[in-house]
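Written out below as structure tokens is the structure these notes cover.
Just so it is clear, none of the values below were taken in a lab; they were calculated from the coordinates. Just so it is clear, the model here is predicted, and its values are computed rather than measured. Every residue, glycine as well, gets a Cβ built from its backbone with ideal geometry; the counts of neighbours run over all protein chains shown.
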Amino acid sequence: MKKLISLLSLTILLSACAPASTPSDDEFTIAASFYPLAEMARNVAGDHAEVITITPAGSDPHEYEPSPKDIAAISESDLFIFNGAGQDPWAEKLELENTAIIHMTENFSLLEGEDHDHEEEGEDHDHEEEGEDHDHEEEEGHHHEFDPHIWLDPTQAAQEVEIIAEKMIEVDPQNAAIYQANADAYKQELLQLDSEYKETLVSCQKDSIITAHAAFGYMAARYGFNQIAIAGLSPEQEPSARKLAEIADLAEEEDIKYIFFETLTSPRISETLAQEVGAQTLLLDPVEGLTQEQIAAGENYVTVMRSNLKNLAIALECE
């Protein structure tokens, strides 16, 4: 935390001596805290703005701390987009004087976070009082009260695109028609994705999945299945032995045959649980960032979400 405070205190100095990669004054530049927001901005901007993703490829945005170069790039950008609700806690502490800002989750009604218990000094401490999520890393900025993963519902992702387009038009009105047309086209692509999810998941034999962390609450609410999460809203919120035993019991009771893992975090716990209950593992990607391999393969938000749908259909035994 002291490191982060020191970095933030250098913002003014860094903006005066920004690195070579910092955008020039005559270029419309957008900085986004992590991948899905950057992907939305790129689809709206087309060739009319440079979009910088602050969290590097392959990094977990829950844990990433910006470098001085990152802070300089943000301070020199025309528009900064961040998620909020604990997904990118460093971003809420920035003070930007000449940069337009979108604090995305302020525009949405958020689901309450899923609490997880922890073991401490040999005891299980179940923290589910008054809807608060008492992460032991709270002092480091990882405290969650609400679920930040709104982009995993394609209809809410479409709303995010419209919010980004509106702000881009406000900042760069000369390209308003282009931004709105691009936004409309991308929103249609997202709504088509929503239709595919609804059609595929309308009739399934099972109604619960076990996920690596509690990222899929909005998706589950939209498409009518239950999320049983191993870790909390951040993948770093590892479960206690008691919680794992409870999940194993649920998996056996409901004959769950697949345990999901993710790309940006270790699959160790998912694999251990799967071995314990005689299940297989499948990838369910929260699309918090792409790996270098995914980028090289030409993957993007929509293609990853379609891959997720295929694996959901397998796990939920959809007809």
Query raised in the report: Between Lys198 and His48, what is the FRET efficiency for a Förster distance of 22 Å, r being their Cβ-Cβ separation, to the nearest 0.05?
Result: 0.10
Report task. Quick one: order Val171, Val161, Val304, Val44 by neighbouring beta-carbon count within 10 Å, fewest to most. Result -> Val171, Val304, Val161, Val44
Query raised in the report: With each pseudo-label sitting 7 Å past Cα toward Cβ, what's the Gln180-Glu238 distance in nm, one decimal?
Result: 5.2 nm
Query raised in the report: Beyond 20 Å, what percent of the Cα pairs of region 203-315 remain?
Result: 38 percent
**Report entry** Measure of compaction for region 255-312 (Cα Rg per 2.2 N^0.38 Å)
**Finding:** 1.20
**Report entry** Cα centroid separation - region 258-276 against region 141-185, whole Å
**Finding:** 32 Å
Query - Pair Glu276, Lys206: separation of 7 Å Cα→Cβ label points (nm) - result: 1.6 nm
Query raised in the report: If you place +1 on the Cβ of every Lys and Arg and -1 on the Cβ of every Asp and Glu, how big does the dipole about the Cα centre of region 29-106 come out, in debye to the nearest 20?
Result: 100 debye
Requested in this report: Taking the Cβ of Pro61 as the centre, find all other residues whose Cβ is under 9 Å away and add up their charges (Lys, Arg: +1; Asp, Glu: -1).
Outcome: -4
Report summary line: The rounded separation in angstrom of the Cα centers of region 22-79 and region 199-228 is 31 Å
